[in-house]
Amino acid sequence: MRCKIIYEDGELLVVHKPAGLATESARTGQMDAESELKGYLKKSGTQKELYLGVVHRLDQPVEGLLVFAKTRVAAAALTKQLQKGSLNKTYLAVICGKMEKEAGELLDDLVKDGNMARVVTGQASENPQAKRAALSYRTLQSFGDDASLLEVQIETGRFHQIRAQLSNAGHPILGDQKYGSTASCEVGRQKGVRSVALCAASLDFQHPVTKKNMHFVITPEGQSFQSFLETQDDKK
């Protein structure tokens with residue numbers, strides 16, 4: 001199984017999804033995180049009724065933490081937290097260049113255009129399909145003028161939000177071919193980054209039954225981060 005189980009009890013599963021694995025609904029014959037975990041639960045035989053609820057998702061090329069519900073009650077409670085904004089995710093992203101401010105917020109109007117998100121300008125009434133997207137960031141480390149490591153939190157859960165907003169700000173995520181620029185693709189090539197350098201590195205929510213505050217943190221393991229950090233170590 002490619003997913004790593006970080007935590008499990010009778011109500012939920014918290015897993016570390018690797019980059020390249022879809023959360024759900026992968027193409028026929030292609031494994032996804034949901035299918036892997038259903039197979040795991042079926043094999044374990046611990047549930048009277050096999051149930052796995054997908055609470056939130058990560059893009060296929062993005063690694064990170066996901067929580068799945070093992071009961072319908074847990075699924076409803078966690079989904080409610082997600083809708084209210086109390087299920088919080090913090091991301092790490094390696095971007096091209098340096099943000100103008102070390103910390104700040106990005107506010108944009110996004111529309112879904114096929115399999116991409118696009119930032120639109122003008123009054124929202126002029127584009128009824130546009131949805132407001134907000135994220136906050138702070139710079140954790142800069143690597144010369146070429147790249148920076150950001151901590152990112154999203155206030156809205158829009159399609160491809162982080163990738164589209166950072167690209168629109170002029171600082172695409174390294175390894176992101178879909179939203180990248182000529183400069184970011186070249187920096188990524190130089191650093192050996194071949195997949196999107198974005199990771200959902202921490203996850204916070206309230207347990208749906210015990211009401212205990214749950215907090216999980218991982219270190220990115222994907223090639224996109226490892227290759228980049230190894231490149232920087234070589235310069236020391």
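Laid out as a table, the results:
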quantity: Matching entry among K101, K80, K38, K70 (being basic (K, R) and within 16 Å of K4 (Cα to Cα)); calculated: K38
quantity: Checking K17 against (1) surrounded by fewer than 20 Cβ atoms within 10 Å (Cβ to Cβ); (2) among the basic types (K, R); (3) modelled with pLDDT of 95 or more, the condition it does not meet; calculated: (1)
quantity: Out of K80, K101, sole residue that is under 30 Å from K212 (Cβ atoms), more than 18 Å from the chain's Cα centre (by Cα) and loosely packed, with under 15 Cβ neighbours inside 10 Å; calculated: K80
quantity: Yes/no for L149 being among the hydrophobic types (A, V, I, L, M, F, W, C), in contact (Cβ under 8 Å) with a residue 24 or more places away in the chain and crowded, with 18+ Cβ neighbours inside 10 Å; calculated: yes
quantity: Any chance K17 is more than 13 Å from the chain's Cα centre (by Cα) and charged (D, E, K, R); calculated: no
quantity: Criterion (touching a residue at least 40 places away in the same chain (Cβ under 8 Å) and in contact with a Cys (Cβ under 6 Å, 6 or more places away or on another chain)) met by exactly one of S184, S202, S195, S224; calculated: S184
quantity: Qualifying positions in the stretch 1-30 - in a loop (DSSP other than H, G, I, E, B), within 17 Å of G222 (Cβ to Cβ) and either touching a His at 6+ places or on another chain (Cβ under 8 Å) or without any contact (Cβ under 8 Å) to a residue 60 or more places away in the chain (or both); calculated: M1, R2, C3, L21, T23
quantity: Qualifying strands (runs of 3 or more DSSP E) (wholly inside the stretch 126-236; at least 2 residues being aromatic (F, W, Y)); calculated: 131-143
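The values are calculated or read from the model by the stated rules, or taken from the named source; none is laboratory data. All values reported here derive from a predicted model rather than from experimental measurement. Every residue, glycine among them, receives a Cβ derived from its backbone with ideal geometry; neighbour counts consider all protein chains shown.
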